[in-house]
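The values are calculated or read from the model by the stated rules, or taken from the named source; none is laboratory data. If you're wondering where the values come from, they're calculated on a predicted model, not measured in any experiment. Note that we place each Cβ from the backbone using ideal geometry, even for glycine, and neighbour counts take in every protein chain shown.
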């Protein structure tokens, strides 16, 4: 899990007051991320079930997200943070998440796009922002977007609310987008001096495409969908 993924989850939880119980799929905390990758504190006071295909740190229940052993409408919130790239039957996984969410339930998802192959235990997919938006089309209200260079983002992310969406969804979505942009600005400013120096020197040693990726790392764009309206938020 990368810093911006955790920030995405925290800020989305605050903006949308995600209901319990919370099911996280892909909760296994790989070596070097134990405790850091634990998202439970973001949903204090709500039932939280960490699920993964193998037992280990952070896992309460062994589950395959493409064949979930949970009844229809039993979940209030589902988290799949940097998970679906590892799921071979990805379309079925989207359908399963939708099935187990109750009306008004919230789905939070992030997935890498421009990122190395990382086999935990395998790595299959990269979704474009447009693909994720289509995958979440069944939801009554959605926020989808990406971070990084607009032509080659490093991360795609989305929030889906199963109908009925709250009457103030647009206000909540605007709050989330504004807070995420504010976090990105802070993260960019807080980079160590050594990192800023390396990025400045990259102008002389990196290709144009690589420079664009570095310059745009802390930029994000989102699209908010609430039928029948459509709004683009920068």
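Looking only at region 201-224, how many residues end up being assigned to a helix (DSSP H, G or I) and either within 17 Å of residue 155 (Cα to Cα) or touching a helix residue (DSSP H, G or I) at 6+ places or on another chain (Cβ under 9 Å) (or both)?
Number of matching residues: 9.
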| message | If residue 30 satisfies all but one of (1) touching a residue at least 40 places away in the same chain (Cβ under 8 Å); (2) in a helix (DSSP H, G or I); (3) farther than 19 Å from residue 101 by Cα, what's the number of the condition it fails? | response | (2)
| field | Condition broken by residue 98, with the remaining ones in (1) assigned to a helix (DSSP H, G or I); (2) under 14 Å from the mean Cα position of the chain (by Cα) satisfied | value | (2)
| said: Can you confirm whether residue 73 is in contact with a strand residue (DSSP E or B) (Cβ under 6 Å, 6 or more places away or on another chain), surrounded by fewer than 17 Cβ atoms within 10 Å (Cβ to Cβ) and at pLDDT 95 or above? | reply: yes
| said: Given the options 7, 37, name the one that is part of a loop (DSSP other than H, G, I, E, B) and within 16 Å of the chain's Cα centre (by Cα). | reply: 37
| note | Within region 149-160, residues being surrounded by 24 or more Cβ atoms within 10 Å (Cβ to Cβ) and over 14 Å from the mean Cα position of the chain (by Cα) number 0
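For region 135-148, name all the residues that are surrounded by 18 or more Cβ atoms within 10 Å (Cβ to Cβ) and within 18 Å of residue 93 (Cβ to Cβ). First the steps, then the outcome.
Step one: list which residues in region 135-148 are surrounded by 18 or more Cβ atoms within 10 Å (Cβ to Cβ), which gives 135-136, 139, 141-148.
Of everything in region 135-148, those that are surrounded by 18 or more Cβ atoms within 10 Å (Cβ to Cβ) and within 18 Å of residue 93 (Cβ to Cβ) turn out to be 135, 136, 139, 142, 144.
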| Answer residue from region 108-134, given it is touching a helix residue (DSSP H, G or I) at 6+ places or on another chain (Cβ under 8 Å) and crowded, with 23+ Cβ neighbours inside 10 Å and is farthest from residue 43 (Cα to Cα) among those | 111
| task | Confirm whether residue 12 is out of contact with any strand residue (DSSP E or B) (no Cβ under 6 Å at 6 or more places or on another chain) and either surrounded by 16 or more Cβ atoms within 10 Å (Cβ to Cβ) or within 30 Å of residue 213 (Cβ to Cβ) (or both). | result | no
